[in-house]
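What follows is a set of notes on a single structure, which appears directly below.
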Amino acid sequence: MTRDDDRTYARPRGQAWGNEAQRAVLHAIADDVARRSGHRVAVIEALRSDGNLEYVAIAGSLDGHERLMGEATPHVMIDRIVERGTDLAGWVHLPFEAIDDETREWVDRYGHTPDVPGGDGQDGWHPEDLLMKLLTSEDGERRAVLWLDEPHSGLRPTAEQMASINDEIGVLYEAIVSIVERELYGEQVRMVTRARTAVRSVRPGLAVDDFMRELSEAMVAGMPIDFFDVLLAGDVEPLLEPHTAELEAQMREVWLRRGHLVVEPDRTWGLEEWATPTPDVMAAAMETHGLGSLLLVPIGMGEEYLGTMGLGRAVGGARWIDSEINAAAAVANDLAGVVLDARIMERERRLNAELREVNDHRRDMVTTLAHELRNPVSVLWTHLELLALDEPTPDARESLEAMDRAARRIEDMVEALMALAAVSDPDRAVPSVPVDLSAAVRECHEFLETVAARGGVDLTSHVTEGVVVAGEEAALQRMVANLLSNAVKYTPSGGWVSITLEVADGEAVLTCADAGIGIAPADLPHVFTPFFRAGDPAARTRPGTGLGLSIVESVVAAHGGRVDVTSEVGVGTTFVARLPVASADESS
């Protein structure tokens with residue numbers, strides 16, 4: 001058998017299958033198999049999740065028990081024996097004279113040859129003869145291997161004898177397979193439950209680093225481990241530098257084949273078929289944490305490698321059993337979703353922070369602009385008033401009236417900018433006082449009724465009395481006024497505007513509908529955007545700042561409500577604002 005210079009030639013790790021109670025049951029079965037089959041020695045090997053078979057029960061051979069119990073063998077040795085042996089009623093017999101040098105080396109390393117005399121003649125049993133039976137599941141998957149040695153007859157087996165043994169102990173084959181499968185599934189379920197309970201104990205909504213810190217504490221408290229950590233892809237572990245990237249590359253490959261690594265200070269299992277030397281930097285990191293063994297399980301989703309989960313045990317601690325490895329794999333699978341969710345949450349936090357920063361900048365800019373405009377507008381008004389003291393000429397009067405209209409428009413914009421900055425400030429607490437929304441709607445209707453009549457618009461209202469909401473009175477009055485004035489402004493002569501206030505499902509429902517020019521479908525999603533003006537030429541002819549509806553939405557949102565709009569070009573537009581009705585305590 002060949003081996004590379006950089007490869008440690010060692011048998012697979014032992015003491016990984018099951019627990020003492022399970023091995024005791026299998027030992028009793030092995031005793032029964034030996035007695036009923038007419039052999040002095042019976043041996044059972046059970047399947048492990050790492051693909052090896054482990055000696056879990058040895059009856060009739062103290063030397064064999066001392067040498068092999070708890071040790072493991074690779075399937076390749078079993079396959080070589082099956083390939084070269086003779087089938088006897090489902091058993092495989094390989095006489096010593098048919099064993100080639102390479103197979104003999106396998107047997108010497110992974111098996112045990114008793115120091116007993118051989119039988120007489122060509123049919124006599126030789127100490128190096130091999131006799132085994134593969135025990136499989138209903139699906140034909142290998143679950144265990146049953147060995148027999150040292151027949152009391154001193155003779156090699158025949159097909160008839162092995163068929164008779166099958167009839168005698170066939171039920172024990174099923175018992176062995178059943179026990180092995182219970183270990184594979186039952187213990188795995190228990191360990192997975194414990195591990196997932198630890199994961200669920202961590203508070204939700206934490207940042208990735210905080211989540212991993214709490215998870216580490218929960219896993220160490222809830223599982224038989226002394227160390228737990230997660231190294232996410234792209235992160236750096238100072239104790240492993242400058243080899244963190246190399247470890248990540250190796251664990252990425254382990255993830256793609258859905259494997260795991262078991263690391264001890266001198267050897268590592270899982271990178272290749274055989275144990276490989278543990279890198280010095282990893283051994284030093286384990287020594288720093290006082291670890292005697294480390295189970296590394298990759299975390300991933302689909303083809304994407306997300307990180308590595310490490311579970312450690314102190315020096316002298318128990319070796320990893322199949323159910324623990326499977327439980328760790330289940331936790332790693334759960335963590336993949338947690339890591340992805342946490343990444344999304346962190347990305348959202350960053351985006352929200354950036355949006356808040358942009359919004360703060362915009363609000364500051366709007367406030368500054370409004371203040372900067374207020375002073376020149378005041379100067380403009382002062383000079384207009386001074387000029388009006390003298391009787392102007394007709395030409396001068398026309399110019400003064402144009403200047404007056406422009407000044408009023410700028411003043412309206414300044415007021416709208418100040419209002420928008422105030423209602424869109426997320427740090428500003430909205431006053432919570434009882435506001436008679438019914439009275440506010442009536443006042444706006446009365447104020448705009450003359451304006452509507454002058455423009456040939458029929459303005460009507462239907463107001464339920466006593467509708468009270470909790471909030472800021474000035475802001476709510478502005479919201480109603482903006483909705484109603486907007487409807488009147490964009491409704492041509494001969495049209496109508498109606499405003500309705502009612503209570504439905506604990507909400508004050510304010511509906512402002514008009515038979516105006518309408519809003520194009522492409523413009524509808526943008527009507528609440530600051531400074532937005534519709535592209536329709538008919539709308540462009542109406543003066544406006546593009547801030548009124550932005551203020552409406554901001555006021556409604558600040559009061560815990562929502563506003564919706566529907567419209568059809570040439571037919572009209574309907575805005576519906578819903579606000580929570582004040583409770584009895586808020587109304588008092």
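Before moving on, here are some points about what is shown:
- Residues whose placed amide H lies under 5 Å from that of Leu155, excluding near-sequence neighbours: Trp125
- Counted residue by residue at 0.36 nm each, then reduced by the alpha carbon distance between them, the extension gain from Ala353 to Asp79 reaches 92.5 nm.
- Under a 5 Å amide H cut-off, with hydrogens placed 1.01 Å from N, Gly471 pairs with Val433, Val435 among residues at least 5 apart or on other chains.
- Whole-Hz couplings from phi, Karplus 6.51/-1.76/1.60, listed for region 250-265; x for Gly and Pro: 5, 5, 4, 5, 4, 5, 4, 9, 6, x, 7, 10, 10, 10, 10, x
- In a fully extended conformation the segment linking Arg182 and Asp101 would gain 25.4 nm over its present Cα-Cα distance, using 0.36 nm per residue.
- In the chain, the calculated helix contribution to ellipticity at 222 nm averages -15500 deg cm²/dmol per residue, counting -39,500 (n - 2.57) for every DSSP H run with n ≥ 4.
- For Cα extents along the principal axes in Å, the value computed from the atomic coordinates appears in the list (1) 88, 46, 44; (2) 89, 78, 66; (3) 144, 50, 47 under label (3).
- J(HN,Hα) series, region 315-326, from Karplus relation 6.51 cos²θ - 1.76 cosθ + 1.60, nearest Hz, glycine and proline x: 4, x, x, 5, 6, 6, 9, 3, 5, 5, 5, 5
- Cα Rg, Dmax (largest Cα-Cα span) when computed across region 216-314, Å: 12.8, 34
- Column: log10 I(q)/I(0), Debye, Cα scatterers of region 275-338, q = 0.20, 0.23, 0.24 Å⁻¹: -0.89, -1.03, -1.07
- Region 149-190: C-alpha gyration tensor shape, a/c 1.5 cut-off, then a/b vs b/c: prolate
- Annotation: amide H of Ser293 within the under-5 Å range of Arg313, sequence separation 5 or more or interchain, hydrogens built in the peptide plane.
- Dipole in debye (nearest 20) - the chain, about Cα centre, beta carbon charges: Lys, Arg +1; Asp, Glu -1: 1180 debye
- 3J(HN,Hα) from dihedral phi, region 474-491, Karplus parametrisation 6.51/-1.76/1.60, rounded to Hz, x for glycine, proline: 4, 5, 5, 5, 5, 4, 5, 5, 5, 4, 6, 5, 5, 5, 5, 5, 9, 10
- Surface per residue (accessible, 1.4 Å probe) for region 277-354, Å²: 43 Å²
- In the chain, the sites counted are GluC sites (Glu not before Pro) in DSSP loop states with at most 15 other Cβ atoms within 10 Å, and the longest stretch holding none of them, exclusive of the sites, is 304-464.
- Taking every C-alpha pair closer than 8 Å and separated by at least 6 residues, the mean separation divided by the residue count of the chain gives a relative contact order of 9 percent.
- When every Cα-Cα distance of region 161-293 is counted in 10 angstrom steps from zero, the calculated P(r) takes the values 10, 26, 33, 16, 9, 6, 1 percent.
- Counted over region 75-234 with a bin width of 10 Å, the fraction of Cα pairs per bin, in whole percents, is 9, 26, 21, 14, 14, 11, 4, 0.
The values are calculated or read from the model by the stated rules, or taken from the named source; none is laboratory data. Note that the structure is a prediction, hence the values are computed from the model and not measured. No Cβ is skipped: glycine too gets one built from the backbone with ideal geometry, and neighbour counts run over all protein chains shown. All accessible areas refer to the heavy atoms of the entire protein, side chains included, with ligands and DNA or RNA removed. Shrake-Rupley method; radii C 1.70, N 1.55, O 1.52, S 1.80 Å.
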